[in-house]
Amino acid sequence: SISIISFPLRTIKRKLTMKFALAAAFVGTACAFTSPSAFHGSRVQQAVKSTSSLEMKYKVAVVGGGPSGACAAEIFAQEKGIDTVLFERKMDNAKPCGGAIPLCMVGEFDLPESVVDRKVRKMNLISPTGVEVNIGETLQPDEYIGMCRREILDKYIRDRAIEYGAECINGLVTSIDVPEDHKTSDSQYTLNYMAFQEGSKIGKKSSMKVDVIVGADGANSRVAKSMDAGLYNFAIAFQERIKISDEKMEFYEEMAEMYVGDDVSPDFYGWVFPKYDHVGVGTGTVVNRPAIKQYQKAIRERAGDKIAGGKIIKVEAHPIPEHYRPRRVQGRIALVGDAAGYVTKCSGEGIYFAAKSGRMAAEEICALMEGGTRLPTQSEIEQTYIKKYDGLYGPTYFVLDALQKVFYSNNGAREAFVELCNSKYVQQVTFDSYLYKRVQGNNPLDDLKLLGETIGCLIKGYSNAKPDAEFSNPVESQKRI
């Protein structure tokens, strides 16, 4: 048996708290109110819990209110034995993002069609020499790629977390005080943040003691920095939202376009993706970030008459992680989404993996906390959340990394890539993998045939393609975040 003396004092208090739960229910009251979110002019609902001393609970802070943070917060908020606080610096944040989400995400995360601006069922893939291949013929009538605006999607999931009981703070977490013994004790973390106030550009300095932290604050994660998560290489994504005429917009009703070539990106692709009443036109690169505006100019030129005369209504740029952080869990701090490095190569997909990692991390941590009666250890979080996530999606990251290195490295390979996409088998496997996050219907004979076609397309592509333009940025290319 274990003597009660061996339990930390804070744990004893929480166990005694459970005995008074029924009595506290008659004493404490909870109410919800709407208050200005300050600084950015939107409004945030906040769930206010009883302040009775008998209701001491472990407190979980989720830093970042995008898909990863909001999905984590809504899981924690449904656990009655845990206080959940969600920090978001900008409630109307419009992250520069292609905005594509797979069909499985709509059902899995119970998203209404109101968050989907367009249902893409056709996609034009354009090679460096202008060869166009239309893909999407294998899609069923009820299948589509959802196109959304991040400010709409993020707000919906965040509001749902608030409805479940999460307290939402409109503020910027500036630093975290991490106790030296946080891996071996239940010492609390101190979050230091600026709480934005109406009419103030600076905000009010505040701090909060918490027991568990989920870092969902993007590529430039302050949580990652505070826990010494290590550096990673990153891409710059640049996008312009362009308002075009209704007549031109008809072309993009169910159509998205992807352009490949060293003129639009030396290691990625350029895109024209339809939004609610405009198109998002953008590109990205890791290896030549200083030239991002040059590549953006090129993608506009490649799109040509289809967006001619359009008005740029918003310009966006943001870093995108290229690989996992070296350390994703330290003590009782766990990273999810972009903060953890969960963006795939080749496709550049991040929204689904952000939402999925946030939900998985929260579910595993909630289970480890056993109704809010104990705190999880670093080893436990690594053996559950990290192990399960890597088991599910590690192979996907590996394969897409390999495909990007093979097909996005030069114009010859890009020409081969576009030609290969003429194959119905390639389209079927590609869309099944993307829409449902699993590969379906693979046929060994078709796989063998595809290997032969790939070799043939590469030989043809290399013989016909123009050489890639040379560039050099030895200093900047070594930067990490």
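The values are calculated or read from the model by the stated rules, or taken from the named source; none is laboratory data. Keep in mind that this is a model prediction, so the values were computed, not measured. Cβ coordinates were reconstructed from backbone atoms using ideal geometry, including for glycine residues, and neighbour counts include every protein chain displayed. What goes into the accessible areas is simple: the full protein's heavy atoms, side chains included, and nothing from ligands, DNA or RNA. Shrake-Rupley method; radii C 1.70, N 1.55, O 1.52, S 1.80 Å.
Taking the dipole about the Cα centre of the chain, with the C-beta of Lys and Arg at +1 and of Asp and Glu at -1, give me whichever of Asn422, Met123, Ile145 is farthest to the positive side.
Of the listed residues, the answer is Ile145.
What dipole magnitude, in Debye to the nearest 20, does the chain give about its Cα centre under +1 on Lys/Arg Cβ and -1 on Asp/Glu Cβ? Show your work: numbers first, answer last.
On the way: 61 positive and 60 negative charges, 323 e Å.
Roughly 1560 debye, rounded to the nearest 20.
Could you give the length gained on full extension between Leu392 and Asp181, defined as 0.36 nm per residue of separation minus the Cα-Cα distance, in nm?
Working: separation 211, 0.36 × 211 = 75.96 nm, distance 3.22 nm.
Stretched out fully, the Leu392 to Asp181 stretch lengthens by 72.7 nm.
Working with all protein chains in place, sort Val210, Val429 by solvent-accessible area computed with a 1.4 Å probe, largest first.
Numbers: Val210 0, Val429 35 Å².
The ordering from most to least exposed comes out as Val429, Val210.
Once you put a point 7 Å from the Cα of Asp401 and another 7 Å from the Cα of Thr190, both along the Cβ direction, what distance in nm separates them?
3.9 nm
When all protein chains stay in place, what accessible area (Å², nearest 10, 1.4 Å probe) is found for Ser409?
60 Å²
Using R₀ = 56 Å, calculate the FRET efficiency as 1/(1 + (r/R₀)^6) where r is the Cβ-Cβ separation of Lys57 and Ile459; round to 0.05. Please report the intermediate quantities before stating the final value.
Working: r = 64 Å, r/R0 = 1.15.
About 0.30, to the nearest 0.05.
Quick one: which of Lys95/Lys460; Lys387/Lys449; Lys59/Lys387; Lys424/Lys466; Lys205/Lys297 span more than 31 angstrom between C-alpha atoms? Before the final figure, lay out the partial values.
On the way: Lys95/Lys460 39 Å; Lys387/Lys449 35 Å; Lys59/Lys387 24 Å; Lys424/Lys466 27 Å; Lys205/Lys297 42 Å.
Beyond 31 Å between Cα atoms: Lys95/Lys460; Lys387/Lys449; Lys205/Lys297.
Suppose R0 equals 45 Å. What FRET efficiency, 1/(1 + (r/R0)^6) with r the Cβ-Cβ distance, do Leu445 and Ile202 give to the nearest 0.05? Write out the running numbers ahead of the final one.
Details: r = 66 Å, r/R0 = 1.46.
Using R0 = 45 Å, I get an efficiency of 0.10.
Want the number for Tyr164 to Asn422: 0.36 nm per residue separation, take away the alpha-carbon distance, what's left?
Result: 88.2 nm gained on full extension.
By DSSP, what percent of the beta bridges with both residues in the chain are antiparallel, rounded to the nearest 5? Please list the in-between numbers first.
Numbers: 54 of 76 bridges.
Around 70 percent antiparallel, to the nearest 5.
Just name one of Leu86, Ile135, Ala72: the one whose Cα is farthest towards the positive end of the charge dipole of segment 66-139 (beta-carbon charges, Lys/Arg +1, Asp/Glu -1).
Ile135
Distance between Cα centroids, segment 263-321 to segment 145-201: provide it in whole Å.
With segment 263-321 and segment 145-201 each reduced to a Cα centre, they are spaced 30 Å.
Averaged per residue, what accessible area in Å² does the chain show with a 1.4 Å probe, protein chains only?
Working: 21810 Å² over 481 residues.
With all protein chains present, the chain gives 45 Å² per residue.
Once the whole set of protein chains is in place, how much accessible area is left on Asp154, using a 1.4 Å probe, in Å² to the nearest 10?
Looks like 10 Å² after rounding.
Return the long-range amide H neighbours of Val62 (sequence gap of 5 or more, or a different chain), with a cut-off of under 5 Å between placed amide H atoms.
Counting only residues 5 or more places away or on other chains, the set is Val85, Leu86, Phe87, Val214.
Largest first, what is the accessible-area ranking of Leu445, Leu450 with a 1.4 Å probe?
On the way: Leu445 135, Leu450 45 Å².
Reading off the accessible areas and sorting them downward yields Leu445, Leu450.
I'd like the carbon and sulfur percentage of the solvent accessible area for segment 162-299, probe radius 1.4 Å, heavy atoms only, ligands and nucleic acids excluded. All intermediate terms of the calculation are to be shown ahead of the outcome.
On the way: 2720 of 5520 Å².
After summing per-atom areas, the C and S share lands at 49 percent.
Leaving ligands and nucleic acids out of the surface, order Val178, Val260 by accessible area at 1.4 Å, largest first. Write out the running numbers ahead of the final one.
Values: Val178 50, Val260 0 Å².
Sorted by accessible area, descending: Val178, Val260.
If you roll a 1.4 angstrom probe over the protein chains with everything in place, what fraction of the accessible area of segment 69-131 belongs to carbon and sulfur, to the nearest %?
Details: 920 of 2050 Å².
After summing per-atom areas, the C and S share lands at 45 percent.
Would you tell me the accessible area of Thr138, worked out with a 1.4 angstrom probe on the heavy atoms of the protein chains, in Å² to the nearest 10?
20 Å²
If you add up the charges near Pro102, with Lys and Arg at +1 and Asp and Glu at -1, over every other residue whose beta carbon is less than 13 angstrom from its beta carbon, what do you get?
Numbers: positive: Lys119, Lys356, Lys437, Arg438; negative: Glu108, Glu143, Glu349, Asp432.
Around Pro102, the surrounding residues sum to 0.
Expected output is a single nm value to one decimal: the length gained when fully extending between Thr174 and Glu132, i.e. 0.36 nm times separation in residues minus the C-alpha distance. What is it? Numbers along the way, then the final one.
Details: separation 42, 0.36 × 42 = 15.12 nm, distance 4.75 nm.
Stretched out fully, the Thr174 to Glu132 stretch lengthens by 10.4 nm.
Quick one: if the Förster radius is 56 Å, what FRET efficiency do Gln140 and Lys293 give, using the C-beta to C-beta distance and rounding to 0.05?
Working: r = 40 Å, r/R0 = 0.71.
Once rounded, the FRET efficiency stands at 0.90.
Cross-link candidates for Lys388: which lysines have Cα within less than 22 Å, leaving aside residues fewer than 8 places away along the same chain?
Once the sequence-local lysines are set aside, what remains near Lys388 is Lys183, Lys345, Lys356, Lys437.
Checking the a/c ratio against 1.5 first, then a/b against b/c, what shape does the Cα gyration tensor give for the chain? Before the final figure, lay out each step's value.
Details: a/c = 2.07, a/b = 1.81, b/c = 1.14.
Prolate, because a/c is 1.5 or more and a/b exceeds b/c.
Please give, to one decimal in nm, the separation of the simple spin-label points placed at Glu151 and Val315, each 7 Å out from Cα toward the Cβ.
Here the modelled spin labels are 1.8 nm apart.
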